[in-house]
Amino acid sequence: MTAALPDVLSTRDVRPHVAVWKVHELLRNANLRIPDYQRPYTWSARNVAELVDDIQRFTPSGHYRIGTVILHRHADERGDDILDVVDGQQRLTTLHLLAAVLRETGVDPSMRDVARLRLSPFGAERTAARAKENRAFLARLVQDWDVDALRAFSDAVFLQCEVVVVTLANLDEAFQMFDSQNARGRPLYPTDLLKAFHLREIGSGRSDIAMKREVVELWESIPAAHVNALFAEYLFKIRRWAAGRPVPREGFTAADIGMFKGIRERDGTNEENHWARSFVYAKNYIDDFRSENATLARFRMMKPIEYPHQIDQPILNGETFFRMVWHYYQQGVRLGLHAFNFDELPKELSPLWGAWRSSVSAPIDEQSEPGGDRSRYAYVRGLLDALLLYYHDRFGSQERDRFAGLAARFAVLPRASKFAVKRETINNHALDGGPEVAGVNLFREIREALSAREVLDRTVPEPKLYGADRSRRNPTDAEVIQRLWGLERGLQR
């Protein structure tokens, strides 16, 4: 039987609701669900112990608010009311474990039975393993308590602990609220909202569920910080700069995710959206090819093909979006993009790190390594990496070394002409070059070029360090510039 909501809400009510719930109201609510887009349960025993300590410390003086839970209210495929947990899943899951352990002691009264928490099937093995560990930890924690202590603690959990519950009908609003108020645990990334959107774009049939599982596993195999870096440091900036638009001061935020939403395959207006046809046709061809040649591909008798992704083309919603993320993450690993921390790479990708990195960019790359001037060259390296990814996306490995040299010389110009290089300095340089290459937007040149040769014909004059002001001369900058242009002169001989 479904428990009634503490506030009588309906999916037809689109107004935001804020209320204070007792923990027992939260745990008995059968409408709650951990949605597909949430990451697995990850709280450690230390997190669990801190929650128990807080309850014991603060409840003797009265009611204790243990945080905020943000819920997305909507109807599921059958029309039933659902409350998806956008924020608070770690605490909620832990409270369910705590309730189960207290019930097993025989002290907790039956009136405190809780509803079964519906977990996401994605990452279920990791969630189950961590839940098992934490449940065992809680059982050990309370096993030495006497009956009075158990009863007092149970009363504290169920009757004195409260949560502030914010219920919204709009998922975007729910994520934005999470973004603004979350200060504990992993911060929310705009890419989490993109994940939720594109999962919703996949259907709900049996084959669609299997597809969701597959693409979520792809997504979850990439560290969350790397997914965010892929979009914030590379894909977003490349799209903005190639279109001649600056990157906003605040960078990539939830307000920008519309850039990575696009074509719905099931959209009936696609027949008239002529611009979308070629992308839908390409997706249909790939799907047919995979289906017809699945056996040959499985036995390695035919090489599988993938959708022809391009950074600056419209996004196909749903499955293709997730495959695009994996595609560019692999490219970024092979190109040795600095925003991806090597120590956090998935094991299967570690051997590929930097396989496509040209030694020509070494004068800049070395500054990012131990012993280098990392802070001084951080923005320069970011610009270089974005150029390398964009060029490779469009022209593959054609004359990779030659472009690496061009990109490195272009990227280092702000470091040569300005004593202080800031984020805005790089932004302006990407859009309009500098004194040596005024009006040059190398990203736009890559976008508009039909052959690699059109890009590679670009030259970058050797700069005068800080305008030849020797009093501000930095030996590292001088060496980097000498090596980059010295290499170019050597190749021209």
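Tell me which residues come under 5 Å, amide H to amide H, from Asp87 once H is placed; ignore anything under 5 positions away on its chain.
Those qualifying (amide H under 5 Å, at least 5 residues apart or on another chain) are Ile70.
Quick one: Karplus J couplings for the stretch 80-89, per residue in order, coefficients 6.51, -1.76, 1.60, θ = phi - 60°, nearest Hz, x for Gly and Pro?
In residue order, the calculated couplings are 7, 5, 10, 10, 7, 7, 7, 9, x, 5 Hz.
Applying the Karplus parametrisation 6.51 cos²θ - 1.76 cosθ + 1.60 with θ = phi - 60° to the phi angles of the stretch 152-166, what ³J(HN,Hα) value in whole Hz is obtained for each residue in order, glycine and proline being reported as x?
Once rounded to whole Hz, the list reads 5, 5, 4, 4, 4, 5, 8, 10, 9, 7, 10, 9, 8, 10, 9.
Any idea what the dipole of the chain comes to, in debye rounded to 20, about its Cα centre with Lys/Arg Cβ at +1 and Asp/Glu Cβ at -1?
Working: 69 positive and 68 negative charges, 217 e Å.
With Lys and Arg at +1 and Asp and Glu at -1, about 1040 debye.
Which percent, to the nearest 5, of DSSP beta bridges fully inside the chain are antiparallel? Kindly include the intermediate steps, with their values, before the conclusion.
Details: 12 of 23 bridges.
So the antiparallel bridges amount to about 50 percent of the total.
Of His392, Leu484, Tyr285, which is farthest along the charge dipole of the chain in the positive direction, counting Lys and Arg as +1 and Asp and Glu as -1 at C-beta?
After comparing all options, I get Leu484.
Could you pull out every residue, at least 5 positions away or on a different chain, whose amide H is within less than 5 Å of the one on Ile263? Hs are placed 1.01 Å off N in the peptide plane, and Pro or chain starts have none.
Excluding prolines and chain starts, which carry no amide H, the hits are Ile315, Leu316, Asn317.
Using DSSP to define loop residues, name the GluC sites (Glu not before Pro) in the stretch 334-443 whose beta-carbon has at most 13 other beta-carbon atoms within 10 Å.
Passing sites in the stretch 334-443 are Glu348.
Ignoring any ligand, DNA or RNA, what whole percent of the accessible area of the stretch 24-136 comes from carbon and sulfur when the probe is 1.4 angstrom? Walk me through the numbers before you get to the answer.
Working: 2470 of 5230 Å².
So the carbon and sulfur contribution to the accessible surface is 47 percent.
If I model a spin label as a point 7 Å beyond the Cα along the Cα-Cβ vector, how far apart are those points for Arg277 and Asn170 in nm?
Spacing of the two 7 Å Cα→Cβ label points: 3.6 nm.
About the Cα centre, and with charges only on the beta carbon of Lys, Arg (+1) and Asp, Glu (-1), how big is the dipole of the stretch 266-336? Nearest 20 debye, please. Display every interim value, and only then the final one.
Details: 9 positive and 9 negative charges, 95 e Å.
The calculated dipole for the stretch 266-336 is roughly 460 debye.
Output the relative contact order of the chain, whole-number percent, from Cα pairs under 8 angstrom with separation of 6+ residues. Provide the component values of the computation, followed by the final result.
Numbers: 609 pairs, mean separation 68.3, N = 493.
Relative CO of the chain lands at 14 percent.
As a test of the definition: which semi-axes, in Å, follow for the chain when you take the square root of five times each eigenvalue of its alpha carbon gyration tensor? Largest first, please. Numbers along the way, then the final one.
Values: eigenvalues 492, 159, 85 Å².
One finds semi-axes of 50, 28, 21 Å for the chain.
Pop the C-beta distance of Gln310 and Arg116 into the FRET formula with R0 = 41 Å and round what comes out to the nearest 0.05. Before the final figure, lay out the partial values.
Details: r = 45 Å, r/R0 = 1.11.
That pair, Gln310 with Arg116, gives E of 0.35.
Quote to one decimal, in nm, the extra length available between Arg298 and Arg15 on full extension: 0.36 nm per residue of separation minus the C-alpha distance between them. Kindly include the intermediate steps, with their values, before the conclusion.
Values: separation 283, 0.36 × 283 = 101.88 nm, distance 5.05 nm.
Extra length from Arg298 to Arg15 when fully extended: 96.8 nm.
Under the rule a/c < 1.5 gives rounded, and otherwise a/b versus b/c splits prolate from oblate, where does the stretch 289-375 land using the Cα gyration tensor? Don't jump to the answer; show the numbers that get you there.
Values: a/c = 2.77, a/b = 2.01, b/c = 1.37.
It is prolate, given that a/c is not under 1.5 and a/b is the larger ratio.
Which value, in debye to the nearest 20, describes the size of the charge dipole of the stretch 323-452 about its Cα centre when Lys and Arg Cβ atoms bear +1, Asp and Glu Cβ atoms bear -1, and nothing else is charged?
On the way: 17 positive and 16 negative charges, 29 e Å.
Dipole magnitude for the stretch 323-452 comes out near 140 debye.
Counting only residues 5 or more places away or on other chains, whose amide H sits under 5 Å from the amide H of Gly67 once H atoms are built in the peptide plane?
Result for Gly67 returns Val164.
Of Thr93, Val20, Tyr64, which is farthest along the charge dipole of the stretch 15-94 in the positive direction, counting Lys and Arg as +1 and Asp and Glu as -1 at C-beta?
Tyr64
With every protein chain kept in place and ligands, DNA and RNA left out, what is the accessible area per residue of the chain? Probe 1.4 Å, answer in Å².
Values: 24430 Å² over 493 residues.
On a per-residue basis, the chain sits at 50 Å².
Take the residue pairs Lys418/Lys464; Lys237/Lys347; Lys212/Lys261; Lys303/Lys347 and return only those whose Cα atoms are more than 19 Å apart.
On the way: Lys418/Lys464 11 Å; Lys237/Lys347 28 Å; Lys212/Lys261 17 Å; Lys303/Lys347 23 Å.
Violating the 19 Å limit, Cα to Cα: Lys237/Lys347; Lys303/Lys347.
Please compute the length gained on full extension between Phe289 and Gln56, using 0.36 nm multiplied by the number of residues separating them and subtracting their Cα-Cα distance. Please report the intermediate quantities before stating the final value.
Working: separation 233, 0.36 × 233 = 83.88 nm, distance 6.07 nm.
Full extension of this stretch gives 77.8 nm more.
State the percentage of accessible surface on the stretch 312-363 attributable to carbon and sulfur atoms; use a 1.4 Å probe and exclude ligands, DNA and RNA.
Numbers: 1000 of 1960 Å².
Roughly 51 percent, rounded to a whole number.
Step through the residues of the stretch 23-29 one at a time and calculate ³J(HN,Hα) from phi using the Karplus curve (6.51 cos²θ - 1.76 cosθ + 1.60, θ = phi - 60°), rounding each to whole Hz and writing x for Gly and Pro.
4, 5, 5, 5, 6, 8, 7
The values are calculated or read from the model by the stated rules, or taken from the named source; none is laboratory data. Here the structure is a predicted model, which is why all the values come from computation and not from measurement. Glycine gets a Cβ as well: all are built from the backbone with ideal geometry, and neighbour counts include every protein chain shown. These area figures cover heavy atoms from the full protein model, side chains too; ligands, DNA and RNA do not enter into them. Shrake-Rupley method; radii C 1.70, N 1.55, O 1.52, S 1.80 Å.
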